[in-house]
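Visitor: Supplied in structure tokens, the structure appears directly below.
The values are calculated or read from the model by the stated rules, or taken from the named source; none is laboratory data. Here the structure is a predicted model, which is why all the values come from computation and not from measurement. Counting neighbours? That spans all protein chains shown, and the Cβs are built from the backbone with ideal geometry, glycine included. Accessible surface areas use protein heavy atoms only, side chains included; no ligands, DNA or RNA. Shrake-Rupley method; radii C 1.70, N 1.55, O 1.52, S 1.80 Å.
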Amino acid sequence: MINELKISRHDIALIQSELEANKPYEACGVLIGTVKGSTAYVEKALPVANVKRTRRSFELDPKEFYAAWDGAEKEGKEIVGIYHTHPVTSAVPSLWDRETMENETSIWLIAGADGMRAYVWEDGVRPVNMKQ
Ligand SMILES: [Zn+2]
């Protein structure tokens with residue numbers, strides 16, 4: 001199980017600027033990289049359109065998501081996680097997030113009004129250490 005997420009300052013800045021640019025709506029995207037042992041290494045954060053475009057939920061555009069998945073695959077990488085933003089609330093999974101996470105195996109990175117945190121689902125929501 002993954003318990004650590006390595007992500008560059010550059011990618012953190014990119015997600016933060018997506019949060020600001022899409023206010024008051026949630027922004028979302030994918031984290032592309034590799035998993036080694038219990039650590040996920042993010043090599044690129046890639047914004048994906050939020051087809052729901054609401055203040056309280058998000059849904060990755062399926063075509064863009066597939067293109068990102070396909071592109072990662074061709075480079076021998078994978079989608080290690082997804083990110084989304086909470087422009088006005090904290091970086092804690094909402095009820096909707098929790099219900100969606102149950103069907104996911106990847107990392108969820110949430111950029112909230114109070115900073116960024118990462119989680120995985122493992123019989124419940126479990127925090128993941130973030131390192132630069
Ligand atoms: Zn959320």
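Visitor: If I stretch the segment between Thr89 and Thr105 completely, what's the gain in nm (0.36 nm per residue apart, minus their alpha carbon distance), one decimal? Mind dumping the intermediate values first?
Guide: Details: separation 16, 0.36 × 16 = 5.76 nm, distance 2.41 nm.
This chain segment gains 3.3 nm when fully extended.
Visitor: What ranking of Leu14, Leu31 comes out by heavy-atom accessible area, probe 1.4 Å, highest first? Walk me through the numbers before you get to the answer.
Guide: On the way: Leu14 50, Leu31 0 Å².
Sorted descending by solvent-accessible area, the residues read Leu14, Leu31.
Visitor: In terms of solvent-accessible area of protein heavy atoms at a 1.4 angstrom probe, what is the ranking of Arg126, Arg53, Arg98, highest value first?
Guide: Arg53, Arg98, Arg126
Visitor: Rounded to the nearest 500 deg cm²/dmol, what is the calculated helix-only ellipticity per residue at 222 nm for the chain, with -39500 (n - 2.57) per DSSP H run of length n ≥ 4? Intermediate results must be reported in sequence, preceding the final value.
Guide: On the way: 3 runs with 34 residues, N = 132.
So the calculated ellipticity at 222 nm is -8000 deg cm²/dmol.
Visitor: Considering Cα pairs under 8 angstrom that are at least six residues apart, work out the relative contact order of the chain and quote it in whole percent. If you can, show how the numbers build up before the last one.
Guide: Values: 284 pairs, mean separation 34.8, N = 132.
For the chain, the relative contact order is 26 percent.
Visitor: Based on alpha-carbon positions alone, could you give the equivalent ellipsoid semi-axes of the chain from the gyration tensor, as √(5λ), descending, whole Å?
Guide: Numbers: eigenvalues 79, 58, 43 Å².
Equivalent-ellipsoid dimensions as semi-axes: 20, 17, 15 Å.
Visitor: Still on this model: Using only the Cα atoms of the range 77-126, build the gyration tensor, take square roots of its eigenvalues as a ≥ b ≥ c, and label the shape rounded, prolate or oblate: rounded if a/c is under 1.5, else prolate if a/b is larger than b/c, else oblate. Each step should come with its number before you reach the end.
Guide: Working: a/c = 2.10, a/b = 1.33, b/c = 1.58.
In terms of gyration-tensor shape, oblate.
Visitor: Right, here's the next one. Checking the cross-link filter: which lysines have an alpha carbon closer than 25 Å to that of Lys6, excluding same-chain neighbours under 8 positions apart?
Guide: Cross-link targets: Lys36, Lys44, Lys74, Lys77, Lys131.
Visitor: Right, here's the next one. Give the calculated FRET efficiency between Ala13 and Val125 to the nearest 0.05, with a Förster radius of 30 Å applied to their Cβ-Cβ distance.
Guide: Numbers: r = 26 Å, r/R0 = 0.86.
After rounding to 0.05, the efficiency reads 0.70.
Visitor: How far is it, in nm, from the label point at Glu20 to the one at Glu4 when both lie 7 Å from their Cα along the line to the Cβ?
Guide: Modelled inter-label distance: 3.1 nm.
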